[in-house]
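Quick notes on the structure that follows.
The values are calculated or read from the model by the stated rules, or taken from the named source; none is laboratory data. Everything numeric here is computed off the predicted structure, so don't read it as measured data. Cβ sites come from the backbone with ideal geometry, for glycine too, and all protein chains shown count toward neighbours. Just the protein is used for accessible areas: all its heavy atoms, side chains included, with ligands, DNA and RNA removed. Shrake-Rupley method; radii C 1.70, N 1.55, O 1.52, S 1.80 Å.
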Amino acid sequence: MTITTTTHLNFGGTARQALEFYQSVFGGEVTAATYGQFGMPEGVPGSDKIVFGQLEGPVRLMAYDIPGLDDGDPAATAGSTRRENGMTITDRSFFQSLRAESLDELHPVWDRLADGATVVEPLAASAWSAGFGMLTDRFGVTWVLDVA
């Protein structure tokens, strides 16, 4: 089968910064095109925002800026997540999941993603995994990291 899936993240004006951050975390190459490059007249508000962005590498992500939204507050588009009494309470429609073969492999990724993030559940051993953690990064994306 040649069908693949890639997470497409939507941002309120910070897609370029998010792609650069994820490149610093995972490596890979960023491709980005602006609304202006796709025909929006130069000087129109938003013409410099990302209409197509992609990180291609060990992790593949796509990103764009929601037209007309230029709010640096990730909660404006992403919602919130917290742990309460051992349960995850959220109004988000999805989490981004990363799974590694070992805690040694996972820990450096956790450390890089945690820069500027809100830790929902610290990375630690759990009943189901040698390592499990959850955080919401500085761009409002909630990541679930665990060891297979």
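Annotation note: of Val119, Val51, Val109, Val59, the sole residue that is touching a residue at least 60 places away in the same chain (Cβ under 8 Å), β-branched (Val, Ile, Thr) and touching a strand residue (DSSP E or B) at 6+ places or on another chain (Cβ under 9 Å) is Val109.
Restricting attention to region 1-43, the residues that are part of a loop (DSSP other than H, G, I, E, B) and under 24 Å from Val144 (Cβ atoms) add up to 8. The selection criterion, being on the phi > 0 side of the Ramachandran plot and either without any contact (Cβ under 8 Å) to a residue 60 or more places away in the chain or small (Gly, Ala, Ser) (or both), does not hold for Gly133. Taking the numbered list (1) small (Gly, Ala, Ser); (2) within 27 Å of Ala124 (Cβ to Cβ); (3) at pLDDT 90 or above in turn, Gly39 passes all entries but (2).
May I ask you to verify whether Thr34 is in contact with a strand residue (DSSP E or B) (Cβ under 9 Å, 6 or more places away or on another chain), surrounded by 15 or more Cβ atoms within 10 Å (Cβ to Cβ) and under 14 Å from Phe139 (Cβ atoms)? Criteria not met by Thr34. When Phe52, Phe21, Phe11, Phe26 are checked against the criterion of being open to solvent by 60 Å² or more (accessible area, probe 1.4 Å) and among the hydrophobic types (A, V, I, L, M, F, W, C), Phe52 stands alone in meeting it.
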